[in-house]
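Input: a single structure, listed below in structure tokens.
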Amino acid sequence: MGLHCRFYEDRFPEQNDIVKVCVHSVGEVVVDVQLLEYDNIEGMILLSELTRRRIRSVNKLVRVGRPEYALVMRVDQEKGYIDLSKRRVLKEDADTCEEKYSRAKTVNSILCHVASVLGYDTDQQLENLYSRTAWYFDRKYKKQGASYDAFRCSVGNPDLLDECGIDTNTKDTLLTNIKQKLSPKLVKVRADIEVACVQYEGVDAVKRALKKGLALTTDALPIKINLIAPPLFVVSTTTLDWQAGISRLNTVLETVKSSILEEGGLYHTRRDPHVINDTDELYLTRRLQEMEMENKDNSDDENSDDNSNDTGDDIDSCSDDDKY
């Protein structure tokens with residue numbers, strides 16, 4: 001069993017907080033849940049607080065093991081009672097709670113791993129580490145979850161962790177794990193465009209337009225343009241800052257558009273610049289590979305046709321079994 005600690009310094013949530021819970025059991029009167037951000041302390045939701053509609057089947061509303069979002073109605077810290085409501089949670093509240101939970105969980109993952117590397121063997125040691133690091137920043141900025149942003153800033157400014165008053169070994173271990181979890185990652189930004197020109201030397205006009213777009217490449221934002229199938233092209237770049245990537249691709253598209261229109265060509269943006277996911281990347285890679293194979297097959301066919309024309313006698317000598 002690994003070490004455990006609540007995400008925030010407060011042992012209980014405040015009234016009207018939105019929390020993420022996991023359904024533990026479903027009874028005839030109440031639903032017992034565990035508050036994930038508060039080290040799985042127990043809370044309960046009355047069946048009347050599950051939905052504003054008439055309940056036809058409780059199992060369709062909540063299931064054991066499924067996460068839910070709930071509003072804190074009452075907290076009795078002495079008795080440990082926490083009354084919650086699911087029906088009073090708005091969609092935007094749930095979205096905000098999920099983002100907050102996701103960030104806090106990332107911080108928890110970092111600190112738990114640091115505790116493991118440092119050889120901690122009690123939950124109290126982990127809590128002390130929390131108090132000197134994550135909760136320190138929460139207290140400093142007077143906001144639950146502020147530690148996530150502080151940890152991210154420490155990637156570029158390691159001296160920020162000096163405020164925590166931790167020893168060098170702990171700081172180095174913490175910083176290493178923060179960099180592994182929170183360092184910015186390269187993303188790919190892509191746009192799909194159609195560029196064509198039916199004027200005299202139209203192919204050269206397309207090439208000139210695309211080269212003007214490629215001229216905007218930089219070390220930080222390298223521009224690539226790939227042909228999918230005439231007149232469709234993919235313009236892409238990889239960057240740590242997706243917003244800067246989208247802005248640069250928009251500039252590239254405007255440059256290509258202006259150039260090709262000046263030469264009497266046609267331009268159309270089939271899809272605006274956007275961050276692509278793994279599925280998009282896989283499709284693009286597969287399509288490019290298919291095109292390479294098609295071009296190779298066409299080249300082989302042309303060579304085969306040329307050879308056939310040179311040796312027409314071979315065709316006449318084919319047997320009936322070889323004809324289609």
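Determine the gain in length on full extension of the stretch GLU263-ARG63; use 0.36 nm per residue of separation and subtract their C-alpha separation, reporting nm with one decimal. Walk me through the numbers before you get to the answer.
Details: separation 200, 0.36 × 200 = 72.00 nm, distance 6.35 nm.
Fully extending the segment from GLU263 to ARG63 adds 65.6 nm.
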Neighbour-count order for LYS181, LYS143, fewest beta carbons within 10 angstrom listed first | LYS143, LYS181
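What FRET efficiency comes out for the pair VAL275/GLU99, r = Cβ-Cβ distance, R0 = 22 Å, nearest 0.05?
Values: r = 18 Å, r/R0 = 0.81.
For VAL275 and GLU99, the calculated efficiency is 0.80.
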Of TRP135, TRP242, how do they rank once you tally other Cβ atoms within 10 Å and put the fewest first?
-> TRP242, TRP135
Under 20 Å by backbone N from the virtual spin label 7 Å along Cα-to-Cβ at ASN250, the residues of segment 208-227 are 213-218, 220-224
Which loop-located GluC sites (Glu not before Pro) does segment 172-279 contain, where loop means any DSSP state but H, G, I, E or B and the Cβ has at most 12 other Cβ atoms within 10 Å?
-> GLU201
Cβ-based charge dipole, segment 18-89, positive-most Cα from VAL75, VAL19, ILE41 | VAL19
Across segment 163-175, in residue order, what do the Karplus-derived ³J(HN,Hα) couplings come to in whole Hz, using 6.51 cos²θ - 1.76 cosθ + 1.60 with θ = phi - 60° and x for Gly and Pro?
-> 5, 6, x, 9, 6, 4, 5, 5, 4, 5, 5, 5, 5
Restraint check, LYS105/LYS224; LYS179/LYS211; LYS20/LYS140; LYS91/LYS143; LYS91/LYS257; LYS91/LYS142, Cα-Cα greater than 32 Å = LYS105/LYS224; LYS179/LYS211; LYS91/LYS257
Quick one: if you stick a label point 7 Å off each Cα along the C-beta vector at LEU216 and LYS91, how many nm between them?
-> 3.5
Starting from segment 71-141, pick out the trypsin sites (Lys or Arg not before Pro) whose DSSP state is loop and whose Cβ has at most 16 other Cβ atoms within 10 Å.
-> LYS79, ARG87, ARG88
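Sort LEU253, LEU71 by Cβ crowding within 10 Å, fewest neighbours at the top. Walk me through the intermediate numbers first.
On the way: LEU253 19, LEU71 22.
Taking fewest neighbouring Cβ atoms as first place, the list is LEU253, LEU71.
Where a number appears in this text, it was derived from the coordinates with a stated rule and is not lab data. Not measured: the values here are computed from a predicted model. Because the Cβ atoms are built from the backbone with ideal geometry, glycine has one as well, and the counts that use them run over all protein chains shown.
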